[in-house]
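Reviewing the structure listed below.
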Amino acid sequence: MAKKILVPGAGIGQEIVLIKAKEMGLTTIVVSPKGDYPGFKYADIIYYENVRNEGKVLEIARKENIDGIVSDQNDIPVETMGYVAEKLNLTGNDYTTSRIYCRKDLMREKCNDIGVPSLAYGSAIDLEGTLKIAREIGYPVMCKPTDNQSSKGVFKVNNEDELNKVFDEVLSYAFSGEIIVEQFLEGKELLIDGLAIRGEYKGLLLTENFNFDLKDVFIPKVKKYPTSLSDDEVRELKSIDEKINISFGVTNGRTHNEYLLNPHDGKFYLIDAAARGGGTFISSHLLPYACGFDSTEMQIRLALGEPMDISDYPTASKAVGYICFYLEEGEIMHIEGMDKIKEMDSVIGVHDVNLRVGERIKGMTDKSNKLGPVLLGCDTLQELNRAIETIKNTLVITTDKRSNAVIWE
């Protein structure tokens with residue numbers, strides 16, 4: 001009889017997991033709200049439920065007698081996965097660990113406990129409390145939901161008037177009903193995608209973000225490996241990353257942590273942490289090319305409890321990256337150059353599902369509104385940079401408002 005794998009969610013990240021699970025001969029059980037999600041067509045069994053409903057998902061897992069639970073590139077089901085794995089003694093992280101990775105306030109507490117550089121912060125449930133924390137920290141500050149993803153509801157605020165304007169929107173994205181206010185820092189943005197197996201941890205891929213030139217909104221336009229860090233800085237950051245993940249309690253699965261190198265004190269600060277593979281196809285495309293193994297298959301086998309050795313999974317040795325763009329609000333009238341881009345030897349994937357003639361495009365407000373990415377894999381950073389320039393010179397999109405509406409910066 002085929003083993004059963006439960007996948008919470010049916011979006012694009014879970015579609016990749018489900019396709020691989022079917023290739024492996026597994027019975028796929030999907031738990032997801034109803035909607036036009038691409039993963040449904042790869043499900044053997046579907047339950048239409050909220051993936052954050054821990055009790056209901058556990059009930060389904062028991063009913064189906066599952067062998068494992070797995071997700072990727074999505075923060076929303078992480079707590080539920082920890083809850084189910086702990087209750088059913090499945091391979092994964094426990095519930096406490098999963099909650100730490102999902103809540104920014106708990107992350108900050110842990111960083112303070114273990115003595116790594118940490119941002120000044122405070123959390124509140126109402127406007128009065130949020131304003132009080134912001135005054136204590138000092139403007140500018142970052143205002144965020146304590147628990148969400150894709151930079152939804154995340155704003156830099158420079159004064160009380162701005163905080164008053166964005167407060168309701170930030171709170172609307174907070175599942176917990178709490179807002180976290182953090183010290184604002186600028187500097188190099190770095191990310192480490194890591195792996196834990198049976199309590200052993202290894203950082204696999206270190207990338208650097210370069211953001212769009214948008215006022216007080218921080219959305220990556222380009223991501224690259226190798227980074228601009230020195231060898232000493234790389235060693236220091238990897239050491240901090242390992243200390244943080246081990247202290248958070250990760251035992252099995254992927255991690256994706258974001259850091260900032262503060263140019264004023266030369267220290268690395270944790271910005272966010274996640275107990276899943278990197279989104280925007282880092283986990284499914286960039287990491288496999290850079291490291292030379294199938295990350296999705298590895299995660300499924302780990303979730304099923306198969307014997308594995310972390311030494312079998314090497315760190316990055318090839319250059320990878322992506323480039324994104326956005327359009328001002330309008331209707332797409334014509335697309336030119338995308339077919340040529342897809343034929344480039346260095347292009348390992350293109351996400352263009354929202355690029356259709358007649359499609360109305362929203363302006364840029366959070367990570368979910370950026371277009372692309374075009375995913376790249378090369379032998380060297382120089383080749384990667386040349387490929388990025390070729391893409392920028394090839395793609396032309398005409399809208400009802402502009403003859404060339406592609407914005408790369």
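The values are calculated or read from the model by the stated rules, or taken from the named source; none is laboratory data. Note that the coordinates shown come from a computational prediction; the quantities given were computed from them, not determined experimentally. Positions of Cβ are generated from backbone atoms using ideal geometry, with glycine treated the same way; all protein chains shown enter the neighbour counts.
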Next on the checklist: Looking at the stretch 180-197 only, could you name the residues that are outside any strand (DSSP E or B) and either in contact with a Lys or Arg (Cβ under 9 Å, 6 or more places away or on another chain) or over 17 Å from Pro263 (Cα atoms) (or both)?
Outcome noted: Phe184
Checklist outcome for this item: Exactly one of Lys342, Lys370 is outside the structural domain of Thr227 (by TED's automatic domain parsing), out of contact with any helix residue (DSSP H, G or I) (no Cβ under 7 Å at 6 or more places or on another chain) and either surrounded by 14 or more Cβ atoms within 10 Å (Cβ to Cβ) or of a type in the set (A, V, I, L, M) (or both), and that one is Lys370
Checklist entry - Just one of Gly305, Gly321 is within 21 Å of Pro220 (Cβ to Cβ), in contact with a Leu (Cβ under 8 Å, 6 or more places away or on another chain) and among the small types (Gly, Ala, Ser); which is it? => result Gly321
Checklist outcome for this item: Subset of the stretch 101-125, residues over 20 Å from the mean Cα position of the chain (by Cα) and not in a helix (DSSP H, G or I), comes to Gly115, Val116, Pro117, Ser118, Leu119, Ala120, Tyr121, Gly122, Ser123, Ala124, Ile125
Checklist entry - Is there a residue in the stretch 226-241 that is in contact with a helix residue (DSSP H, G or I) (Cβ under 6 Å, 6 or more places away or on another chain), crowded, with 18+ Cβ neighbours inside 10 Å and of a type outside the set (Gly, Ala, Ser)? => result yes
Item to check | Matching option when the condition is among the small types (Gly, Ala, Ser), in contact with a Pro (Cβ under 8 Å, 6 or more places away or on another chain) and over 23 Å from Asp67 (Cα atoms), among Gly292, Gly321 | outcome: Gly292
Item to check | Subset of the stretch 214-263 (residues that are part of a loop (DSSP other than H, G, I, E, B), over 15 Å from Glu186 (Cβ atoms) and without any contact (Cβ under 8 Å) to a residue 12 or more places away in the chain) | outcome: Ser230
Checklist entry - Taking Gly266, is it more than 20 Å from Met24 (Cβ to Cβ), surrounded by fewer than 21 Cβ atoms within 10 Å (Cβ to Cβ) and without any contact (Cβ under 8 Å) to a residue 24 or more places away in the chain? => result yes
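Quick grid of which residues meet (1) buried (at least 19 other Cβ atoms within 10 Å of the Cβ); (2) at pLDDT 95 or above; (3) not aliphatic (A, V, I, L, M):
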site: Tyr139; (1), (2), (3): no, yes, yes
site: Met142; (1), (2), (3): yes, no, no
site: Asp147; (1), (2), (3): yes, no, yes
site: Val154; (1), (2), (3): yes, no, no
site: Asn164; (1), (2), (3): no, no, yes
site: Gly177; (1), (2), (3): no, no, yes
site: Ile180; (1), (2), (3): yes, no, no
Checklist entry - In the set Asp75, Asp113, which member is acidic (Asp, Glu), farther than 30 Å from Lys20 by Cα and not assigned by TED's automatic domain parsing to the domain that holds Ser295? => result Asp113
Checklist entry - So which strands (runs of 3 or more DSSP E) stay within the stretch 299-409 end to end and still have 1 or more residues that are under 21 Å from the mean Cα position of the chain (by Cα)? => result 319-327, 347-350, 371-378
Checklist entry - Conditions: (1) under 23 Å from Tyr269 (Cα atoms); (2) in contact with a Lys or Arg (Cβ under 9 Å, 6 or more places away or on another chain); (3) of a type in the set (Gly, Ala, Ser); (4) part of a helix (DSSP H, G or I). Ser98 meets all but one. Number of the miss? => result (2)
Next on the checklist: Testing Val396 on (1) of a type in the set (A, V, I, L, M); (2) surrounded by 15 or more Cβ atoms within 10 Å (Cβ to Cβ); (3) at pLDDT 95 or above, one condition comes back false. Which one is that?
Outcome noted: (2)
